[in-house]
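Please read the structure below before turning to the comments.
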Amino acid sequence: MTYLQAVVLGLVQGLTEFLPVSSSGHLLLVPHVFGWIDQGLAFDAMIHLGTLGALVACFRQELVALVQGSLSRRLALMLIVATVPAGVAGLLFAGSIERNLRAPLVVAMSTAVWGLVMWGADRRASPMPLGGDDPLDGVTWRQALTIGFAQALALVPGTSRSGITISAGLLGGLDRATAARFAFLLGIPITAAAAGLKTLQILGAGLDAAGLGPMLAGLAAAFASGWFAAWFLVRYLKRRSLLPFVLYRLALAALILATLA
């Protein structure tokens, strides 16, 4: 893998992991367009570490507030419990999904269908609360568990973890910015678990020192682009809708389908 390939894939992963546009769709399309070979497990582990670092950096204030008690301990408990459905689904079905559903047609259809669901959810978004306590403290157990179960659906390629969890928050009655913040905080444990598992796998298989430089470049690119994407989306959703992302998803699905023709 070259440095250019690593940086491009890292940038794509960081941006599309947090913008609700399907990272799997882009990581399928970009290598196809440029004729690149599969980047391999070691690189996947590195960019997952990059996106995990981006989440921690972007939401460090919320994380500190949870530890210090400025945000309610109930919220911390909800985040832990809401992670369980995706964790269990990952343990039971991740291997089967990887073998059977990681296909361009599945990615294209999932990108389009869940994009339309996101459009419907966006139209039902609650207005952003003005003043008062942090809206995260107003998230209910019902809303948290709805988002948690929706996160399990993100195992299907093309769904978009951020897209499906934000949509679930909107359908559950949250405003756009709060749904995004909760979805991103909820993503920290599952991203950490995925990164840890992949890291253990590559350590067991042995790491090729020759490829370490490009992998670190990819990690840095994923960290920088992921931080920007998460920061941008939360601020964007305070004033605007998800419609541009819905249209983009439909265009992406059509482009993937066109590559199959």
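Please treat every number below as a calculation from the coordinates, not as lab data. In this text, all values refer to a predicted model and were calculated from it rather than measured experimentally. Note that each Cβ is placed from the backbone with ideal geometry, even for glycine, and that neighbours are counted across all protein chains shown.
The table that follows gives values for the structure above.
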item	result
Residue among Gly226, Gly69, Gly25 with the largest mean-square fluctuation in a Gaussian network model of the chain, springs linking Cα atoms under 10 Å	Gly69
Unit charges on C-beta of K, R, D, E only; dipole of the chain, Debye	560 debye
Residue exposure sequence - Trp114, Trp231 - by fewest surrounding Cβ within 10 Å	Trp231, Trp114
Fully extended contour minus Cα-Cα distance, from Ala254 to Leu212, at 0.36 nm per residue	11.6 nm
Euclidean distance between Cα centres, the stretch 126-150 to the stretch 37-77, Å	19 Å
Packing-based order for 118-130, 173-185, 189-201, using average beta carbon neighbours within 10 Å, highest first	173-185, 189-201, 118-130
Of Val33, Ser160, Trp114, farthest towards positive along the dipole that unit charges on Lys, Arg, Asp, Glu beta carbons give the stretch 3-260	Trp114
Under the span-like rule (Cα at least 24 Å along the axis, Kyte-Doolittle mean at least 0.5), DSSP H helices of the chain	41-58, 73-100, 104-123, 176-205, 212-236, 243-260
Rounded FRET efficiency, nearest 0.05, which uses the C-beta distance separating Val113 from Trp141 and R0 of 25 Å	0.35
Residues Leu203, Leu63, sorted so that the one with the fewest Cβ neighbours within 10 Å comes first	Leu203, Leu63
Amide proton proximity set for Asp175, modelled H, under 5 Å, gap of 5+	Ser126
Under-5 Å amide H pairs with Ser241, H placed in peptide plane, nonlocal only	none
Approximate spin-label separation Leu105-Leu247, in nm, with each point projected 7 Å along Cα-to-Cβ	3.0 nm
Positive dipole terminus of the stretch 3-260, leading residue within Ala103, Ala180, Gln13 (C-beta point charges)	Ala180
